[in-house]
Amino acid sequence: MNAPAARQSLVVIGNGMAGMRTVEELLKLAPSLYEITVFGAEPHGNYNRILLSPVLAGEKSMDDIMLHTHQWYVDNGITLFAGDPVVHIDRRRRMVRSTSGREVWYDRLLIATGSSPFIIPVPGHKLPGVIGFRDICDVDTMLEAARTGGHAVVIGGGLLGLEAANGLLRRGMQVTVVHVTDSLMNQQLDKPASLMLKNALEQKGLRFLLGAHTAEIVGAFSGAKRGTARVTAVRFKDGSEIPADLVVMAAGVRPNIALAQECGLHCERAIVVDDTLQTYDPRIYAVGECVQHRSATFGLVAPIWDQAKVCGAHLARSGHRRYVQTATPTKLKVTGVDLYSVGNFIGGIGTEDLVLRDPRRGVYKRLVLNGNRIVGAVLYGDVQDGPWYFDLIQHRTDISSMRNHLLFGEALCAQAA
């Protein structure tokens, strides 16, 4: 009778959503194939990073957003080294080394190092009180600052910046959002929808400085102690400044690729992977915000879940799935503001717009058509048909028969059919 074959070693660098979702997919298909070791930079189990905004706003607790407690790793036979990030990959010896000096050998390696906030490198960007909005530690810092009130400045008027601003406002701070372009969420919204969003958020109490270029974070010593200066203001290129007790940088992220670069993996803006999420080294896979697939990088959950499914299947040696990029809708998680956008909402040569404006109800809809197909949509105020429009975009549905009713939604189009 043959002895059972020794299990192979899978090492996962990164204990975040992308890496752990991939492990979940792997365990569904081949629960006994690997001895799995996970290294994480944070001292927690895996939590839902997307829900940090509701935690900041007081709508959820940390327990609410925890995806995998420490017990989950034990129950699944996974060795977790939390708070002990990997600092070196030796591809020749197939070994990783962590901050504590721990070394683990691998047959397969999964890199899921995510991304870091882009901290604008202006003078004063390293002062205490200047933070990103990326993890539990950042939320704790914001909550601590909010206890004494004061002024918060959020640099970046995109999705993450507005969520941070809303949370700090609800915690009692005076909040100014600084954005370098002349319209909020300019990557996801056209100008009319952006203006409606700005007006709605101003009514909640947020302030905005648009077209503002940050030149310096100003610091000063407080009280009798002459220790480290803290942030006191944000100064702009035109010489004006506004007070700040807290500065949150939400001006985008950068993929964490230093480990991959140092060990010689092929990187461009991020770690380059093929349709199976494999790097140029066939023993090493990568998923999530640290990867680049066919020139694209990723920051939303839907494509990362698709990557996890494909990568998990390949690690399990189950089938030949391929990762295919698809359009992903954007929704804003700010209480009382309903917003949805997807696809090519800017349009261009050969496209036409269908637009519905109802200022009294606070509703705006814009559908971008190319021939007899929808290619993009922006909805503000009434978003219930967003998933239906998304489905029409995904399936390249011919809409010519319902064109006259399209702006009024699925129900009316069904009645008119």
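The values are calculated or read from the model by the stated rules, or taken from the named source; none is laboratory data. Keep in mind it's a predicted model, so treat the numbers as computed, not measured. When we count neighbours, we look across all protein chains shown, and the Cβ atoms used for this are built from the backbone with ideal geometry, even at glycine. All accessible areas refer to the heavy atoms of the entire protein, side chains included, with ligands and DNA or RNA removed. Shrake-Rupley method; radii C 1.70, N 1.55, O 1.52, S 1.80 Å.
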>> Any residue that is in a helix (DSSP H, G or I), farther than 30 Å from Val324 by Cβ and open to solvent by 50 Å² or more (accessible area, probe 1.4 Å) - is there at least one of those in the range 258-265?
In response: yes
> Given the conditions (1) at pLDDT 90 or above; (2) over 17 Å from Pro192 (Cβ atoms), which single one is not true for Ser341?
Replying inline: (2)
> Across the range 175-201, what is the total count of residues that are part of a helix (DSSP H, G or I) and without any contact (Cβ under 8 Å) to a residue 40 or more places away in the chain?
Replying inline: 5
> Hey, Lys365 hits all of (1) under 28 Å from Val301 (Cβ atoms); (2) part of a loop (DSSP other than H, G, I, E, B) but one; which does it fall short on?
Replying inline: (2)
> Of the residues Ala229, Ala251, which single one is under 30 Å from Lys365 (Cβ atoms), in contact (Cβ under 8 Å) with a residue 60 or more places away in the chain and among the small types (Gly, Ala, Ser)?
Replying inline: Ala251
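Checking the condition open to solvent by 40 Å² or more (accessible area, probe 1.4 Å) and part of a strand (DSSP E or B), which residue from Glu42, Glu35, Glu59 passes?
Matching residue, one of Glu42, Glu35, Glu59: Glu35.
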>> Looking at the range 98-121 only, could you name the residues that are surrounded by 14 or more Cβ atoms within 10 Å (Cβ to Cβ) and either within 30 Å of Val248 (Cβ to Cβ) or of a type in the set (Gly, Ala, Ser) (or both)?
In response: Ser98, Thr99, Ile111, Ala112, Thr113, Gly114, Ser115, Ser116, Pro117, Phe118, Ile119, Ile120
>> Yes or no: the range 211-225 includes at least one residue that is among the aromatic types (Phe, Trp, Tyr) and touching a residue at least 40 places away in the same chain (Cβ under 8 Å).
In response: no
> Here is a list of conditions, (1) surrounded by 21 or more Cβ atoms within 10 Å (Cβ to Cβ); (2) part of a strand (DSSP E or B), and Arg235 meets all of them except one; can you say which number that is?
Replying inline: (1)
> Does the range 2-14 include one or more residues that are without any contact (Cβ under 8 Å) to a residue 40 or more places away in the chain, closer than 19 Å to Asp281 by Cα and in contact with an Asp or Glu (Cβ under 8 Å, 6 or more places away or on another chain)?
Replying inline: no
>> Need the failing condition index for Asp281 against (1) more than 22 Å from Asp138 (Cβ to Cβ); (2) touching a Lys or Arg at 6+ places or on another chain (Cβ under 9 Å); (3) open to solvent by 50 Å² or more (accessible area, probe 1.4 Å), just the number.
In response: (3)
> Does the range 397-417 hold any residues that are part of a loop (DSSP other than H, G, I, E, B) and not polar (S, T, N, Q), and which are they?
Replying inline: Asp398, Ile399, Gly409, Ala417
> Would the range 3-12 turn up any residue that is modelled with pLDDT under 95, part of a loop (DSSP other than H, G, I, E, B) and within 25 Å of Thr276 (Cα to Cα)?
Replying inline: yes
> So, in the range 364-398, of the ones that are β-branched (Val, Ile, Thr) and in contact with a helix residue (DSSP H, G or I) (Cβ under 6 Å, 6 or more places away or on another chain), which residue ends up surrounded by the fewest Cβ atoms within 10 Å (Cβ to Cβ)?
Replying inline: Ile374
> If we scan the range 64-83, do we find a residue that is open to solvent by 20 Å² or more (accessible area, probe 1.4 Å) and of a type in the set (Ser, Thr, Tyr)?
Replying inline: yes
>> Could you tell me how many of the residues in the range 144-162 are farther than 14 Å from Phe208 by Cα and of a type outside the set (Gly, Ala, Ser)?
In response: 5
>> For the range 285-334, which positions are under 27 Å from Asp190 (Cα atoms) and aromatic (Phe, Trp, Tyr)?
In response: Phe298
